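Student: Input: one structure, supplied below.
The values are calculated or read from the model by the stated rules, or taken from the named source; none is laboratory data. Keep in mind the model is a prediction, meaning the values are calculated, not measured. Every residue, glycine as well, gets a Cβ built from its backbone with ideal geometry; the counts of neighbours run over all protein chains shown. Accessible surface areas use protein heavy atoms only, side chains included; no ligands, DNA or RNA. Shrake-Rupley method; radii C 1.70, N 1.55, O 1.52, S 1.80 Å.
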Amino acid sequence: TRRPQARVREIYTPLVDCLMSRYVSTETGFGVPKDGWRICLAHEFKEKRKPFQAKDVSLTNMIEHVSLGVRYLRWWYRKTQVEKKAPFIDMFRALPLRQIYGAPLGGIGGGSITRGWRGDFCRWQLNPGMYHYKTVIANQFTVCLRRCDQTVYQQVLSMERPPTLQGWNWGYCGEYAFYHALYPRAWTVYHLPGQNVTLTCRQVSPVIPHDYKDSSLPVAVFVWDIENKNDYALDVSIMFTMVNGSGHKDDKSGGHWNEPFHLEKDGESVSGVLLHHQMPVNPYTLCIAAREKVMHTANTIHQTAFSPKGTCSALWSDLMTDGRLDSPKDSSPPTQKGEEVAAALAVSCSVPANSHNSVEFSLAWDMPKITFGSRERIYERRYTHYYGTKGDAAPSLSHYALTHYSKWEESIDEWQRPILQDGSLPAWYKSALFNELYFVVDGGTVWVELPEDADISGGLRPEDGGLPAQPEVVKDYGRFAYLEGQEYRMYNTYDVHFYASFALIMLWPKLALSVQYDIAGSVVQHDPTERLNLMNGRYSPVKTRGVVPHDIGDPDDEPWVRANAYMIHDTADWKDLNLKFVLQVYRDYYLTQDEQYLKDMWPICQTVMETELKFDKDGDGLIENSGYADQTYDGWKVTGPSAYCGGLWLASVCMMCKMARVLNCESVYQRYRDILERGRAAFDKLLWNGKYYNYDSSGQSMSNSVMSDQCAGHWFLRASGLGYDDYQVAFPKEKICSALKSVFDLNVMSFSDGQMGAVNGMRPEGVPDRSSVQSDEVWVGVVYGLAATMIHEGMIEEGMHTAEGCYRAVWERMGMAFQTPEAYCEKGIYRSLAYMRPLSIWAMQLALNNRPNHGKTTDKDVGQD
C-alpha cells in the first residue's frame, strides 16, 4: 500500500521537533540557515543500538560459517598479538556507538579532526587512515563578558563537568544552545542565560566542488558572531584552548613544544600559537590563530603554554582579571616524558549596546609528509603542492584561511543555493545530501602528490593495451584514496566505491578519474603470493591478472603497493568488480566528456570483459555465479545467474556497445550486441517471474526473494544517459517499473511500517529474508541508489519516501549523525559505523537533475518537513 506524500510528512515531522524539544530559548542565532540538521545540546537519544557481534548470528548461519570463524580467530590472533597490527576488520572490537559527532574540520586528504555537536574535539585522523576516538577535554572555547572594566560572566561553552581543570567554570546549560549542520559548515548558537547576549559560532571548512587547491587545505575557521541585546556596551573575549596532541598516549612521550607567531601579509595580520608535536613517524604542527582587526577593536592575546592537568586556575584567573592573557613572547621548553602541554588564544572586542561584532579563529594542522603502517614509502600530501614540505606551513595556512574564508563561503553558497531553493525538495533531503558529504573528508581520506618517478600503469604500456606511466589527470591532480569505512579499513574498496563514486564524479571529477586510473593500472598486475582465503580455507594468489582488485590496500600496511587487503574470498572470483569498472568508465565519460580518459580505459575494459566471458559457460550470453562470487553481497549465497550480477553484466555489455560506437570499433560493437541479445533472453527466462527478478536462478527455497538492489545495473545505465531506446533490450521499462513497485511494496512499505528504508531481502509473503547475516539488513547506501533508480523511472514520491526512512532512522532516531553506518537491522543492531557507501545519495541528485521541468518549482510546491 502506498502512502500519500502528505501522510509521510505527518508521520516524520514529530521526529524533527524531538531533536529540539529541550531548547528553551527563542534565539535563532546569527545567519543560521533554515535547512540542515539541527539539535539542542541538551538532547538525549532514547534509542541505544549496539554493534553487530558474533552472538547476533543465527544458529543456522553460525553452524554454516564455523570454519570461517575459526580461521578468522587464528588470523586475528596472529595479527594483533604477534604482528602488533590492527586488523583491517576487527570483529571482536567493534566501535561502540557514541552519539556525539558533528561536522569534521578541514579540507580533503590532509587529515581530519571532528568536532562533536556539543562542541567537543572528539575524533582524530591525523595519521593517514588510522582513527583515534578521544575527547580532549581541554580543547574548548570560553567566553568572558566585561562591563565597566569588571568581569560579569565567564563560562566554558561546554556541558561537561570533568574531574580535571576544576578551576574553570564548567556545566553550561545545554538547553540554551543548539547545533546546526549544513556541511561543510556548521553553526552552534549559545544563548547566555541572564546576560541578554547570544553567541553564534560558525565553523567553515574549505570543501568546495571543482576546487582542487583550497579543498586540499588542512584548516578550518571559526567565526564567532556576538549579539549584545543590552542597552549598554560590553567587552567580550573568546578564548580557544588546545592541547598539543590528540589525546593519544604519545601526547606524553616528551619533546613537544609550543611557540607564538605573528604573520603580516598583504595588509592583514594573524597571530597565534604553534603546537609542535615531535614524533619519529609523521610529526605534525597544530596551529590556533586569530585575525587581528584593529579598525574593529579586535585584539589577539595568547598564553604559549599551560599544563592541562590539575585545576589550571591560573589561566582562568588571568582571563577573568582583565579579559586578556599574558602573551609571553618566548617558546615553551620541550615537554618531559609524562608531561602534556597546551596553549590558549583569546580575542577581545567591544560590542556596542544593541549591536553586533565578530571575531575569527582558525585551526590548522601541518603534516606534510606521511608514511603508512609498513613505512616503506614517503608520500607528500596534496596541499604541499602549494605550501611546501618543510613542515613550516601552519602560519601561512592560518593566514590564508582567515583572509579567504569569505570567498569559500561565497563558493559554497553558489553551489548549494540552487538545491536549497528548490521547492520540490523536502528539507530532510537537503540536510542528507550535504551532510553525508562529511565522509569525503572524514573517511580516512588521503590525497597525495604523484612522485616524479611513479609508474601507475602496472607495467603495460599503451601500445600493448595498457596505460601511460603517468596519466595527465593523475600527474596534475594527484592520487586519492578513502576507506571503505572507519571500521572497515581498506582504501578504495571498489564494490562500495561503485555506489559512493557519484559524489566524486559530480563534485570532484578529477579525483574520481584518478581513482579509476589507479584501479585500471592494477588490473594488469599479478601478485602470485599465495594467501589463505578465510571463507573457503584455500590458498590463492593475492592478485590475479585481468581482475579488478577489491581494494588498494590497508593504511596499516602499504596502500598502492599491496592491494587486496580484504582476504575473505579468492580474488579471482569477484565477478561484479570487473563489471562495476566498466560501468563506471562509461558513466564517468558521459558526465565529463573526457575523450582521452575513454580512450585510455577502453583496452582495460576489453581485458576485464574477456575475463568475465569465461563465466558464460553455456554460451547463452549470461555469466554464472557460484558460492559467494558476488562481492557486494558476499554473505548471501548465490547459485547460477542472479538478478544482481546478471543485471550488472547486461548493463556492462550495453556500455561496451556504446563505447565501441563512440570509438568507432564496429567489430567490437557487433560482438557485444550479439551477446546482449542472447544475454537478455536468458536473463528474462531464468529470473523474471512476472513481477520482479528473482534473487537467483537456483530454484531453491529462497531464490525468489525480492532483492532491493536487483535493478543496480539498470540504475547505472540511466545515470549514464542510457537504458531505453537502442538499449531497452537489456531491461524493458515495464519490467523495471514492475520490479521497483514490488521492491517498494515489499522491501520498503512492508518493513518496519515503511519508516526505515528498504531491507535487502524480502520474501514474497512480506517477511524479511533471514537466510543470511546480510539479507535482513538495511544498507543505507544501497537504499539511496535504489531511490535514485526510482526517481529515474518517474517514481519520485516512492524514491523520496524510501530514502527518507534511512535519514530519519540514522540522523534522528539512532543518533548516528556524521557516522552513517553500512547497515542496520530493524531492531537493536548496526554494523560498520562511518561507511563510504551512503555517499551514493548524490546519485539521487543526479536523477533529480534529469527530471522534466527541473528547476521550475518554488517553496510553495511541496511541504518542507
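Student: Report the FRET efficiency, 1/(1 + (r/R0)^6), for residue 330 and residue 674, where r is their Cβ-Cβ distance and R0 is 60 Å, rounded to 0.05.
Tutor: The value I calculate is 0.15.
Student: Still on this structure, I have one more. Using the heavy atoms of the protein chains and a 1.4 angstrom probe, tell me the accessible area per residue for the stretch 476-545 in square angstrom.
Tutor: 25
Student: Using mean Cβ contacts within 10 Å as the protection proxy, how do 577-586, 756-765 order, highest first?
Tutor: 577-586, 756-765
Student: Order 600, 56 by their accessible area, 1.4 angstrom probe, all chains in place, largest first.
Tutor: Putting 600, 56 in descending order of accessible area: 56, 600.
Student: Also, I was wondering about something else. Step through the residues of the stretch 505-512 one at a time and calculate ³J(HN,Hα) from phi using the Karplus curve (6.51 cos²θ - 1.76 cosθ + 1.60, θ = phi - 60°), rounding each to whole Hz and writing x for Gly and Pro.
Tutor: For the stretch 505-512, the Karplus-derived couplings read 5, 8, 10, 10, x, 5, 6, 4 Hz, x marking Gly and Pro.
Student: Would you please classify the overall shape of the stretch 422-850 from the alpha carbon gyration tensor, given that a ≥ b ≥ c denote the square roots of the eigenvalues, rounded means a/c under 1.5, and beyond that prolate means a/b larger than b/c while oblate covers the rest?
Tutor: rounded
Student: Here is a follow-up. Suppose the chain between residue 853 and residue 18 were pulled fully straight at 0.36 nm per residue; how much longer would it get relative to their current alpha carbon spacing?
Tutor: The span from residue 853 to residue 18 would gain 297.1 nm if fully extended.
Student: Can you tell me how much longer the chain between residue 47 and residue 169 gets when fully stretched, taken as 0.36 nm per residue apart minus their C-alpha distance, in nm with one decimal?
Tutor: Separation in residues times 0.36 nm, less the Cα-Cα distance, equals 40.8 nm.
Student: Sort the following peptides by mean Cβ neighbour count (other Cβ atoms within 10 Å, averaged over residues), highest first: 779-785, 351-357, 432-438.
Tutor: 779-785, 432-438, 351-357
Student: Need the list of lysines near residue 309 for cross-linking: C-alpha distance under 27 angstrom, and skip anything on the same chain fewer than eight residues off.
Tutor: The reachable lysines, counting only those whose Cα sits under 27 Å from residue 309, are 134, 249, 252, 329, 337.
Student: Given 599/658; 614/685; 369/407, which pairs have Cα atoms separated by over 24 Å?
Tutor: 369/407, as the Cα separations exceed 24 Å there.
Student: With labels modelled as points extended 7 Å from the Cα through the Cβ direction, what inter-label distance (nm, one decimal) is found for residue 265 paired with residue 151?
Tutor: 3.5
Student: I'd like the Karplus ³J(HN,Hα) series for the stretch 132-145: coefficients 6.51, -1.76, 1.60, θ = phi - 60°, whole numbers in Hz, and an x wherever there's a Gly or Pro.
Tutor: 10, 9, 8, 7, 8, 5, 7, 7, 8, 10, 10, 10, 10, 10
Student: Considering only protein heavy atoms, what is the solvent-accessible area of residue 360 at a probe of 1.4 Å, reported in Å² to the nearest 10?
Tutor: Approximately 10 Å² for this residue.
Student: What's the carbon and sulfur percent of the chain's accessible surface, probe 1.4 angstrom, rounded to a whole number?
Tutor: 49
Student: Can you give the accessible area per residue of the stretch 112-208, in Å², using a 1.4 Å probe?
Tutor: For the stretch 112-208, the per-residue accessible area is 27 Å².
Student: Then there is this: Going by average Cβ neighbours within 10 Å, how do the peptides 142-150, 558-566 rank, with the highest at the top?
Tutor: 558-566, 142-150
Student: Probe of 1.4 angstrom, ligands and nucleic acids ignored: what's the accessible area per residue over the stretch 787-846, in square angstrom?
Tutor: About 14 Å² of surface per residue is accessible.
Student: Please give the contour-minus-distance gain from residue 414 to residue 321: 0.36 nm per residue of separation, less the Cα-Cα distance, rounded to one decimal in nm.
Tutor: Fully extending the segment from residue 414 to residue 321 adds 29.0 nm.
Student: Right, next: With θ set to phi - 60°, apply the Karplus curve 6.51 cos²θ - 1.76 cosθ + 1.60 along the stretch 828-843 and write out the HN-Hα couplings as whole Hz, x wherever there is a Gly or Pro.
Tutor: These are the phi-based 3J(HN,Hα) values: x, 10, 10, 9, 6, 5, 6, 10, 5, 4, x, 4, 5, 4, 6, 5 Hz.
Student: Sorting 320, 20 by accessible area (1.4 Å probe), largest first, what list results?
Tutor: 320, 20
Student: Pick out, from 178, 730, 62, the residue whose Cα sits farthest towards the positive end of the charge dipole of the chain, with +1 on the Cβ of Lys and Arg and -1 on the Cβ of Asp and Glu.
Tutor: Of the options given, the answer is 62.
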